[in-house]
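Working notes, beginning with the structure itself.
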Amino acid sequence: MINISEVLETNKMIEQENLDVRTITMGISLLDCADNDLQVTCNKIYDKITTLARNLVNTGEEISREFAIPIVNKRISITPISLVGGACCKIPGDYVQIAKTLDRAAKDVGVNFLGGYSAVVSKGMTRSDELLIRSIPKALACTERICSSVNVDSTKTGINMDAVKLMGEIIRETAEETKEQDSLGCAKLVVLCNAPDDNPFMAGAFHGVSEADAIINVGVSGPGVVKYALEQIPDANFEVLCETIKKTAFKITRVGQLVAQEASKRLGIPFGIIDLSLAPTPAVGDSVADILQCIGVDRAGAPGTTAALALLNDQVKKGGVMASSYVGGLSGAFIPVSEDQGMIDAVEAGALTIEKLEAMTCVCSVGLDMIAIPGDTSAATISGIIADESAIGMINQKTTAVRIIPVIGKQVGDTVEFGGLLGHAPVMPVNSFACDRFVNRGGRIPAPIHSFKN
Amino acid sequence: MTRAIITVVGKDTVGIIAKVCTYLADNQINILDISQTIVQEYFNMMMIVDMTKCVKSFDSVASELTEIGVNTGVQVKCQLEDIFDKMHRI
């Protein structure tokens, strides 16, 4: 039988160490909504989303009350929309119509984000993919809750450099379209490599074609809990350190598994995966950077940071895998800058640069995330940054991502306020040497030798 | 059987257990186990209860218990047992 110290430990994690379930994300296939008439497609999309997800928010809140565990976000991911709109969208503006429909559906069911305004173009772009990509700046400017992602490469296909070049331009256009809000549109747009089909986290969530008609995926969190556990063992050796992270990750993930199974049962929709990620928030103490400091570096970015992050990421996976029947998504430690107070402090102290963050993305779950850069950064430079990150993902057979925000009108030293979970960020300097000739070559970089496993 | 964990945390005062137990008895909620400890002058109590015969919804019981806590100056929480089982048992 459960004893009092176990009960108090769990409640302390929730009340004092920011333990929460970060998101219940319902994946919905929209493949059966495709039609050659735009209005019919929009109606089908609206009806399907509002029918399947009508009880998502209520159910999430009910589970949250009964277990007294916060479930911060209730979200939806959909089939990459370029696969749905291909038959009816003739110009980018047609896709914007679909974006508005999705936004309306998201508002009507009460979810705070809907992801999947996306295209998967890792080897080549269809006409529909390109129309969708060119519609992104307008779509993000005229909607509130839509998140967009474009997968530009994979280990199996190599890097689609035409798409990388285009995305540099699209990120700049999105920044311009939303410049009145500190280029907020770019915070909802991510460029991915090896994107998973079942990621519940925004902005990169979409419901891949390998998925069932509808599915429940859950993203857990808990950097504050890991930090607290490590504060109790300041001088322990690596064996004890790693065991502590593993045990904590196990406990965190078990809560996610419970919530996922309950949500699946109550909504009558199959359980997909748990994404066992350490996802920070701007709340003090809920920081991955703080964990790195507990492990032993003065600031995130100091020598030793990449190794500390590597061990953290690996132990989280080892602890979490046994706690859940199905693990997927991104699974690992997230290192966004604006959403993590410890990372912001490290940047402001001069300890953390984009180049160091790039190195850190080699060993953690995602990539360059929520980084504000000067508004006059060229499209080619942004494409160069995307290409570097894509190469890391492609060669290391892992997901990587770029979500950077060229804040129009802002320079290094300025600060940008995105609000809520998106946090605030100091504008970081970017290497000022050009890469235009590299980006403008066109074509694609072939798949690496280790992709040929047949 | 619907099992829940009720926790009471706060400054030690007379009659805390009595109030909670009276409420449980009035609502046909059976106490299966009870334990308590004092940590740094703070009263910590935990009950494992069976709510199968209770006619009220879980939500109502949880919020009424929270209200009793507010009136007594302590924090009372009622949670389904599964969250603790899942976290602490393989």
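Values computed for the structure shown
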read-out: Rg and Dmax of segment A:222-264, Cα atoms only, in Å; value: 12.7, 42
read-out: Value of Rg/Rh across the protein assembly as shown [Cα atoms, Kirkwood radius]; value: 1.00
read-out: Between segment B:28-90 and segment A:1-67, the alpha-carbon center distance in angstrom; value: 26
read-out: Residues of type aspartates and glutamates that residue A:318 reaches as a straight line, Cα spacing below 14 Å, ignoring anything fewer than 8 places off in the same chain; value: A:239, A:243, A:275
read-out: Percent of alpha-carbon pairs separated by more than 27 Å within segment A:27-193; value: 26
read-out: Dipole magnitude of segment A:27-193 about its Cα centre (Cβ charges: Lys, Arg +1; Asp, Glu -1), debye to nearest 20; value: 140
read-out: Charge dipole (chain A, unit charges on Cβ, about Cα centre) - positive-most of A:386, A:333, A:289; value: A:386
read-out: Packing-based exposure ordering (other Cβ within 10 Å, fewest first) of A:46, A:117; value: A:46, A:117
read-out: Chain B: trypsin sites (Lys or Arg not before Pro) in DSSP loop, at most 11 other beta carbons within 10 Å; value: B:53, B:89
read-out: Pairs from A:179/A:227; A:265/B:56; A:74/A:356 whose Cα-Cα separation, in the structure shown, is over 29 Å; value: A:179/A:227; A:74/A:356
read-out: Dimensions (Å) - segment A:310-453, Cα atoms, principal axes, largest first; value: 48, 39, 24
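Computed from the coordinates by the stated procedures, all read-outs in this text should not be read as laboratory data. Keep in mind that what you see is a predicted model, and the values were worked out from it rather than measured. Note: ideal-geometry Cβ built from the backbone for every residue, glycine included; neighbour counts use all protein chains shown.
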